[in-house]
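Asks: Have a look at the structure that comes next, please.
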Amino acid sequence: MTTDGDLANLPFTVASLHRAYRDGLSPQRLMAEAYRRIRAVDDPGIFLHLIDEAQAKAGLAGLPDFDPDAQPLWGVPVAVKDNIDVAGLPTTAACPAFAYRAETDAYVVRRLREEGAVPIGKTNLDQFATGLTGMRTPYPIPRNAVDAQLIPGGSSSGSAAAVAHGLVSLALGTDTAGSGRVPAGLNNVVGLKPSLGSLSASGVVPACRTIETVSVFALTVADAWAAFEAMAGFEVADPWSKAAAGPVRCPLPPAFRVGVPSAGSRRFFGDAAQAAAYASALETVAALGGDLVELDFTPFYEVGNLLYGGPWIAERYAVVEPLLGREPSALHPVTREVIAAAREMSAVDAFRGFYRLAELRRVIEPQLAGVDLLCVPTVPTVYTRQELEADPLRPNARLGTYTSFVNLLDLCGIAVPTAPRRDGRPGGVTLLAEAGADGLLAAVAGPLHHCAGVALGATN
């Protein structure tokens, strides 16, 4: 029988929860522990909307008998980024003037419920999912779960913090420029960004509809993969959904080729601790069977620059255009400045951007063909909240160095915690591969995370 002491120290991984359920733990007691943890963490910036505890417990009555074979996420608490619909709760995209009450669940939330998961609330974000800092919100800014001086990372700031603190087992985010990976790296959790089109975007407030995806935060690679399997599937109602983009498991290969930035094309912006942590992580990758192949990452960086410097910013403008017209002050000042740049763009600019992306893809294709996957730092450096308050734009751009090119190149990715930096701040790398190779990334990421020997998120 699980005692109160055992419950307080129970890691909220799917495997741990299911062991506890087999030993007699009721989902009502588990939910009570989740809300106790939320009160103990006492961070008003994590959840924008939290389901009442009594209501959450009452909702558990609808769960069938415990059967993890039939429902692999039975009794698992989940948080949802507040640009993804949860029936009966507001969807704000961190903009009160935009808010509406969702009548139905987003496709991915419905799939999680069908597998037994229990959503308990909506999490904070950089407004309209525009940013990588977690600080572009009109609500309280979430604290970084590992180091309160650091930014939480964005745009899925609340989702990463909720998982890192062990408040929920899983949290949904979205990812266009790295919003499902940067906050994972800064909060010491796993961030899975699946192949584009494998998760339906129905019920998701878009940022850049053509190149974004729902993402998953979890304490372990196995849990992130379980959520991915639960949600994946073609949906005809989503014009960007792809029929053949589902998850396919595979074992860790005995040998695999890993593309890494060449010494001359690595960017750490003077952060020696980050450079050393990355070098150490590559040693572990090599020990797992990875043959490291240096690539010139200059064209990758140029692709990344297109995301905010090219026509794709107009996709964000299309979402907020009505709001900008009637109530521009409703937007966060930095968000408004970033998105409003699209006003100066023309259709000619758009086609020039598409042409340049096609040219860069042709340059990058032979590099990708020569390796099985890429391994890059999740972030090139870390920033404090104070540094972002002084300069909200340049650090944000730097944070996307190894993430902004990914969706434009139609790559899948998974951010994995590695050993801490020598200053104690979180370390981490991201594995990337061409669309459809999600299973290969998970096969490498699991052992890589295990070898790091680090705590799960900010838990003990």
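Asks: How many residues does the stretch 305-328 hold that are small (Gly, Ala, Ser) and either within 22 Å of the chain's Cα centre (by Cα) or farther than 14 Å from PHE354 by Cα (or both)?
Replies: Within the stretch 305-328, the subset small (Gly, Ala, Ser) is 309-310, 314, 318, 325.
Then drop every residue that is not either within 22 Å of the chain's Cα centre (by Cα) or farther than 14 Å from PHE354 by Cα (or both), which leaves 318, 325.
Of the residues in the stretch 305-328, 2 are small (Gly, Ala, Ser) and either within 22 Å of the chain's Cα centre (by Cα) or farther than 14 Å from PHE354 by Cα (or both).
Asks: Taking the stretch 241-261 only, how many residues are closer than 19 Å to LEU288 by Cα and either assigned to a loop (DSSP other than H, G, I, E, B) or polar (S, T, N, Q) (or both)?
Replies: 7
Asks: Any idea which residue in the stretch 277-292 is farthest from ARG421 (Cα to Cα), counting only those that are open to solvent by less than 20 Å² (accessible area, probe 1.4 Å) and in a helix (DSSP H, G or I)?
Replies: VAL285
Asks: In the stretch 36-46, what residues are part of a helix (DSSP H, G or I) and either in contact (Cβ under 8 Å) with a residue 40 or more places away in the chain or touching an Asp or Glu at 6+ places or on another chain (Cβ under 9 Å) (or both)? Steps first, please.
Replies: So the first thing to find is which residues in the stretch 36-46 are part of a helix (DSSP H, G or I), and the list is 36-41.
Selection gives ARG37, ILE38, VAL41.
Asks: Can you spot a residue in the stretch 52-63 that is within 28 Å of PRO142 (Cα to Cα), aliphatic (A, V, I, L, M) and crowded, with 22+ Cβ neighbours inside 10 Å?
Replies: no
Asks: Still on this structure: Just to be sure before I move on: is HIS18 out of contact with any Asp or Glu (no Cβ under 9 Å at 6 or more places or on another chain), open to solvent by less than 40 Å² (accessible area, probe 1.4 Å) and either touching a residue at least 12 places away in the same chain (Cβ under 8 Å) or within 15 Å of GLY121 (Cα to Cα) (or both) in the structure I sent? Break it down into steps so the answer makes sense when it comes.
Replies: Details: out of contact with any Asp or Glu (no Cβ under 9 Å at 6 or more places or on another chain): yes; open to solvent by less than 40 Å² (accessible area, probe 1.4 Å): yes; either touching a residue at least 12 places away in the same chain (Cβ under 8 Å) or within 15 Å of GLY121 (Cα to Cα) (or both): yes.
Yes.
Asks: So THR378 fits all but one of (1) out of contact with any Asp or Glu (no Cβ under 8 Å at 6 or more places or on another chain); (2) open to solvent by 20 Å² or more (accessible area, probe 1.4 Å); what number is the exception?
Replies: (2)
Asks: Restricting the first residue to the stretch 438-456 and requiring it to be in contact (Cβ under 8 Å) with a residue 40 or more places away in the chain and more than 15 Å from GLY428 (Cβ to Cβ), which pairs with a second residue that is open to solvent by less than 40 Å² (accessible area, probe 1.4 Å) and in a helix (DSSP H, G or I) meet a Cβ separation below 8 Å and a spacing of at least six or different chains?
Replies: Hits for this filter: ASP438/PHE228; ALA442/VAL221; ALA442/ALA224; ALA442/TRP225.
Asks: Follow-up. Residue by residue through the stretch 68-85, note down the ones that are of a type in the set (A, V, I, L, M, F, W, C) and open to solvent by 10 Å² or more (accessible area, probe 1.4 Å).
Replies: Keep residues of the stretch 68-85 that are of a type in the set (A, V, I, L, M, F, W, C), which gives 70, 73-74, 76, 78-80, 84.
Hits for the stretch 68-85 are ALA70, TRP74.
Asks: Is it the case, given these coordinates, that ALA222 is surrounded by fewer than 24 Cβ atoms within 10 Å (Cβ to Cβ) and over 22 Å from THR378 (Cα atoms)?
Replies: no
Asks: Of the residues that sit in the stretch 201-228 and are part of a helix (DSSP H, G or I) and small (Gly, Ala, Ser), which one is nearest to LEU112 (Cα to Cα)? Steps first, please.
Replies: Within the stretch 201-228, the subset part of a helix (DSSP H, G or I) is 221-228.
The next check asks that each one be small (Gly, Ala, Ser); those that pass are 222, 224, 226-227.
Numbers: ALA222: 16, ALA224: 12, ALA226: 10, ALA227: 7 Å.
The residue in question is ALA227.
Asks: Can you confirm whether GLY233 is farther than 30 Å from PRO395 by Cβ, surrounded by fewer than 20 Cβ atoms within 10 Å (Cβ to Cβ) and not β-branched (Val, Ile, Thr)?
Replies: The answer is yes for GLY233.
Okay, residues lined up against (1) of a type in the set (Phe, Trp, Tyr); (2) in a loop (DSSP other than H, G, I, E, B); (3) in contact with a Phe, Trp or Tyr (Cβ under 7 Å, 6 or more places away or on another chain):
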site	(1), (2), (3)
GLY24	no, yes, no
GLN28	no, no, no
ALA34	no, no, no
LEU48	no, no, yes
GLY59	no, no, no
PRO64	no, yes, no
TRP74	yes, yes, yes
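Asks: Now for a separate question. Out of the stretch 240-271, which residues are open to solvent by less than 80 Å² (accessible area, probe 1.4 Å), among the aliphatic types (A, V, I, L, M) and either over 20 Å from PHE405 (Cβ atoms) or touching a helix residue (DSSP H, G or I) at 6+ places or on another chain (Cβ under 8 Å) (or both)?
Replies: LEU252, ALA255, VAL258, VAL260
Asks: Continuing with the same structure: For the stretch 381-403, which residues satisfy the criterion of being outside any helix (DSSP H, G or I), touching a residue at least 12 places away in the same chain (Cβ under 8 Å) and open to solvent by 40 Å² or more (accessible area, probe 1.4 Å)? It would help to see each step written out before you state the result.
Replies: To start, the set of residues in the stretch 381-403 that are outside any helix (DSSP H, G or I) comprises 381-384, 391-393, 400-403.
With the extra rule that they be touching a residue at least 12 places away in the same chain (Cβ under 8 Å), the set shrinks to 381-384, 392-393, 400-403.
Matches in the stretch 381-403: PRO392, LEU393.
Asks: Moving to a separate point now. Name the residue that is least open to solvent (accessible area, probe 1.4 Å), counting only residues in the stretch 312-335 that are over 15 Å from GLU212 (Cα atoms) and assigned to a loop (DSSP other than H, G, I, E, B).
Replies: Ranking the qualifying residues of the stretch 312-335, first place goes to LEU331.
Asks: Listed residues LYS57, LYS81, LYS122; which is in contact (Cβ under 8 Å) with a residue 12 or more places away in the chain, touching an Asp or Glu at 6+ places or on another chain (Cβ under 7 Å) and under 30 Å from ARG19 (Cα atoms)?
Replies: Selected residue: LYS122, the only one of LYS57, LYS81, LYS122 that is in contact (Cβ under 8 Å) with a residue 12 or more places away in the chain, touching an Asp or Glu at 6+ places or on another chain (Cβ under 7 Å) and under 30 Å from ARG19 (Cα atoms).
Asks: Next question. Filter the stretch 405-439 for residues that are within 22 Å of VAL382 (Cα to Cα), open to solvent by 10 Å² or more (accessible area, probe 1.4 Å) and in a loop (DSSP other than H, G, I, E, B) and give the result.
Replies: The answer is ALA419, PRO420, ARG421, ARG422, ASP423, GLY424, ARG425, PRO426.
The values are calculated or read from the model by the stated rules, or taken from the named source; none is laboratory data. All values reported here derive from a predicted model rather than from experimental measurement. Quick reminder, even Gly has a Cβ in these numbers, built from the backbone with ideal geometry, and neighbours come from all protein chains shown. Areas reflect the complete protein model, heavy atoms only, side chains present, ligands, DNA and RNA absent. Shrake-Rupley method; radii C 1.70, N 1.55, O 1.52, S 1.80 Å.
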